[in-house]
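**Student:** Sending over a structure as structure tokens; questions will come in a sec.
The values are calculated or read from the model by the stated rules, or taken from the named source; none is laboratory data. The structure presented is a predicted model; accordingly, all values stated were derived computationally and were not measured. Methodologically, a virtual Cβ is constructed for each residue, glycine included, from the backbone with ideal geometry; neighbour enumeration extends over all protein chains shown. Side chains are part of the model used for accessible areas, which takes the heavy atoms of the whole protein and leaves out ligands, DNA and RNA. Shrake-Rupley method; radii C 1.70, N 1.55, O 1.52, S 1.80 Å.
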Amino acid sequence: MKNDKTALITGANKGIGFETAKQLAALGYNVFLGSRNKANGLKAIEELNKLGFTNVQALEIDVTNKESIQNAKEELKTKISHLDVLINNAGIAGIISNLPSVDSIDNIRNVLETNFLGAVQVTQHFLELLGKSNAPRIVNVSSELGSLTLQSNPEWEFYPYKVFAYNTSKTALNSATVMFAHEFKDTALKINSVAPGYTATDLTNFGGERTPDMGAKVIVKYATLDINGPTGKFFNENGEVAW
Ligand code: NAP
């Protein structure tokens, strides 16, 4: 299947981002696979090429580095006239055992830099290319751990998972989803937060029973919404998630 649609996924050299790149390529999107390390990006492209996908290209982009984002934007502008899909997927867990009373400010800052500020500055830089699409879509890859409602519910399966920096970063990312959706409510742009679920990847030390392709499937669903689709909401595989 071929089409002229384009997609950029940050942190797509492995894990859920890599699977998302694969699934969008299978739908015919021209996929730009973002990686902060060029060699890792090229290795991922090689793997996709071996699977028969030729509509994939590597794009070096470190979401915490303004110059890197700027360079990626300039490079993309020489290759495409419009961007249909942006997936803010790059993320880190940080130090996961820390409670708010003892977490170091350096750890909190690092996690927010990538998971929140990274997604915001990538979005800001690519809005121009997204604005040239007829149906721009942004997915912020979030987590149920960022849901204040679930975090406050002792009955919830992951209630004990109080990872201060990470959870806070995803709550902040969810706020960005709401704010961007409001700013662009009268345009064709749709932006949603999507939780892929607890997935076996490097980020979780391969804990979690879900596989990256399961998480990617949910992300792809909201990256390819039609004109009647929602914006400014939070979803997982089962539907809407409470903020
Ligand atoms: P992963 O396998 O560790 O992949 C994370 C990706 O983000 C890697 O490609 C990594 O690049 C990249 N990255 C980290 N910092 C970056 C930066 N500064 N600039 C650019 N890329 C950067 O983890 P994953 O589980 O697939 O995570 C993908 C997303 O899903 C994250 O946002 C995560 O929070 C979210 N999520 C995961 C789970 C889960 O259970 N796994 C659950 C909910 C949400 P390197 O290879 O260079 O490190």
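**Student:** For segment 70-118, how many residues meet the condition of being within 16 Å of the ligand (Cβ to nearest atom) and under 15 Å from the mean Cα position of the chain (by Cα)?
**Tutor:** The total comes to 17.
**Student:** Further question: Take the residues in segment 65-83 that are aliphatic (A, V, I, L, M) and part of a loop (DSSP other than H, G, I, E, B); name whichever of them is least open to solvent (accessible area, probe 1.4 Å). It would help to see each step written out before you state the result.
**Tutor:** To start, the set of residues in segment 65-83 that are aliphatic (A, V, I, L, M) comprises 69, 72, 76, 80, 83.
Going one step further and asking which of them are part of a loop (DSSP other than H, G, I, E, B), we end up with 80, 83.
Values: ILE80: 24, LEU83: 0 Å².
So the residue we want is LEU83.
**Student:** Given the structure, is THR177 in contact with a strand residue (DSSP E or B) (Cβ under 8 Å, 6 or more places away or on another chain) and more than 17 Å from LEU83 (Cα to Cα)? If you could, list the steps in order and put the result at the bottom.
**Tutor:** On the way: in contact with a strand residue (DSSP E or B) (Cβ under 8 Å, 6 or more places away or on another chain): yes; more than 17 Å from LEU83 (Cα to Cα): yes.
When the stated conditions are applied, THR177 passes them.
**Student:** Please name all residue pairs, on different chains or six or more residues apart, with Cβ atoms under 8 Å, provided the first residue is in segment 155-182 and is without any contact (Cβ under 8 Å) to a residue 40 or more places away in the chain and more than 18 Å from LEU99 (Cβ to Cβ) and the second residue is open to solvent by less than 70 Å² (accessible area, probe 1.4 Å) and of a type in the set (A, V, I, L, M).
**Tutor:** TRP156/LEU150
**Student:** Condition first: in a helix (DSSP H, G or I), open to solvent by 80 Å² or more (accessible area, probe 1.4 Å) and acidic (Asp, Glu). Can you find one or more residues in segment 47-64 that meet it? Reasoning before the result, please.
**Tutor:** So in segment 47-64, the residues in a helix (DSSP H, G or I) come out as 47-50.
Retained after the next criterion (residues that are open to solvent by 80 Å² or more (accessible area, probe 1.4 Å)): 47, 50.
Then drop every residue that is not acidic (Asp, Glu), which leaves 47.
Yes, some residue in segment 47-64 is in a helix (DSSP H, G or I), open to solvent by 80 Å² or more (accessible area, probe 1.4 Å) and acidic (Asp, Glu).
**Student:** A further question follows. For segment 172-189, indicate whether the set of residues that are in a loop (DSSP other than H, G, I, E, B), closer than 13 Å to ASN115 by Cβ and within 16 Å of the ligand (Cβ to nearest atom) is non-empty. Steps first, answer last, please.
**Tutor:** Step one: list which residues in segment 172-189 are in a loop (DSSP other than H, G, I, E, B), which gives 184-189.
Narrowing further to those that are closer than 13 Å to ASN115 by Cβ: none.
No, because not a single residue in segment 172-189 is in a loop (DSSP other than H, G, I, E, B), closer than 13 Å to ASN115 by Cβ and within 16 Å of the ligand (Cβ to nearest atom).
**Student:** Now, a different point. What's the number of the only condition in (1) farther than 23 Å from ALA216 by Cα; (2) within 13 Å of the ligand (Cβ to nearest atom) that ARG36 fails to meet?
**Tutor:** (1)
**Student:** Sticking with this structure for a sec: Of the residues THR199, THR149, only one is more than 10 Å from the ligand (Cβ to nearest atom) and modelled with pLDDT of 95 or more; which? I'd like the intermediate steps shown before the answer.
**Tutor:** Working: THR199 fails: more than 10 Å from the ligand (Cβ to nearest atom).
Among THR199, THR149, only THR149 is more than 10 Å from the ligand (Cβ to nearest atom) and modelled with pLDDT of 95 or more.
**Student:** State all residues of segment 142-175 that are among the hydroxyl-bearing types (Ser, Thr, Tyr) and either within 14 Å of the chain's Cα centre (by Cα) or surrounded by fewer than 24 Cβ atoms within 10 Å (Cβ to Cβ) (or both); if no residue qualifies, say none.
**Tutor:** Residues of segment 142-175 that are among the hydroxyl-bearing types (Ser, Thr, Tyr), as a first pass: 142-143, 147, 149, 152, 159, 161, 166, 168-169, 171, 175.
Of everything in segment 142-175, those that are among the hydroxyl-bearing types (Ser, Thr, Tyr) and either within 14 Å of the chain's Cα centre (by Cα) or surrounded by fewer than 24 Cβ atoms within 10 Å (Cβ to Cβ) (or both) turn out to be SER142, SER143, THR149, SER152, TYR159, TYR161, THR168, SER169, THR171, SER175.
**Student:** Determine if segment 196-208 includes at least one residue that is part of a strand (DSSP E or B) and either within 15 Å of the chain's Cα centre (by Cα) or closer than 17 Å to PRO230 by Cβ (or both).
**Tutor:** Among the residues of segment 196-208, at least one is part of a strand (DSSP E or B) and either within 15 Å of the chain's Cα centre (by Cα) or closer than 17 Å to PRO230 by Cβ (or both), which makes the answer yes.
**Student:** Next question, about the same structure. Quick check: is even one residue across segment 23-30 closer than 21 Å to MET214 by Cα, within 14 Å of the ligand (Cβ to nearest atom) and either in contact with a helix residue (DSSP H, G or I) (Cβ under 9 Å, 6 or more places away or on another chain) or small (Gly, Ala, Ser) (or both)?
**Tutor:** Yes - at least one qualifying residue is present in segment 23-30.
**Student:** With respect to ASN55, is the statement that it is among the polar types (S, T, N, Q), without any contact (Cβ under 8 Å) to a residue 40 or more places away in the chain and over 29 Å from TYR198 (Cβ atoms) true? Full working, then the answer.
**Tutor:** Details: among the polar types (S, T, N, Q): yes; without any contact (Cβ under 8 Å) to a residue 40 or more places away in the chain: no; over 29 Å from TYR198 (Cβ atoms): yes.
In short, no.
**Student:** What number of residues in segment 84-116 are closer than 30 Å to LYS22 by Cβ, open to solvent by 80 Å² or more (accessible area, probe 1.4 Å) and either touching a residue at least 60 places away in the same chain (Cβ under 8 Å) or assigned to a loop (DSSP other than H, G, I, E, B) (or both)? Talk me through it step by step, then tell me what you get.
**Tutor:** We begin by selecting, within segment 84-116, every residue closer than 30 Å to LYS22 by Cβ; these are 84-94, 96, 110-116.
Pick out the ones that are also open to solvent by 80 Å² or more (accessible area, probe 1.4 Å) and you get 96, 110.
Now narrow it down to the ones that are either touching a residue at least 60 places away in the same chain (Cβ under 8 Å) or assigned to a loop (DSSP other than H, G, I, E, B) (or both): 96.
Going through segment 84-116 one residue at a time, the tally reaches 1.
**Student:** Here is a follow-up. When segment 119-141 is examined, which residues are found to be under 14 Å from the mean Cα position of the chain (by Cα) and not in a helix (DSSP H, G or I)?
**Tutor:** Correct list: ARG137, ILE138, VAL139, ASN140, VAL141.
**Student:** In addition: Could you count how many residues in segment 226-241 are within 15 Å of LEU150 (Cα to Cα) and open to solvent by less than 50 Å² (accessible area, probe 1.4 Å)? Write out each step before concluding.
**Tutor:** Of all residues in segment 226-241, those within 15 Å of LEU150 (Cα to Cα) come to 234-236, 238-241.
Right, trim to open to solvent by less than 50 Å² (accessible area, probe 1.4 Å) and you get 234-236, 239, 241.
Total satisfying the criteria: 5.
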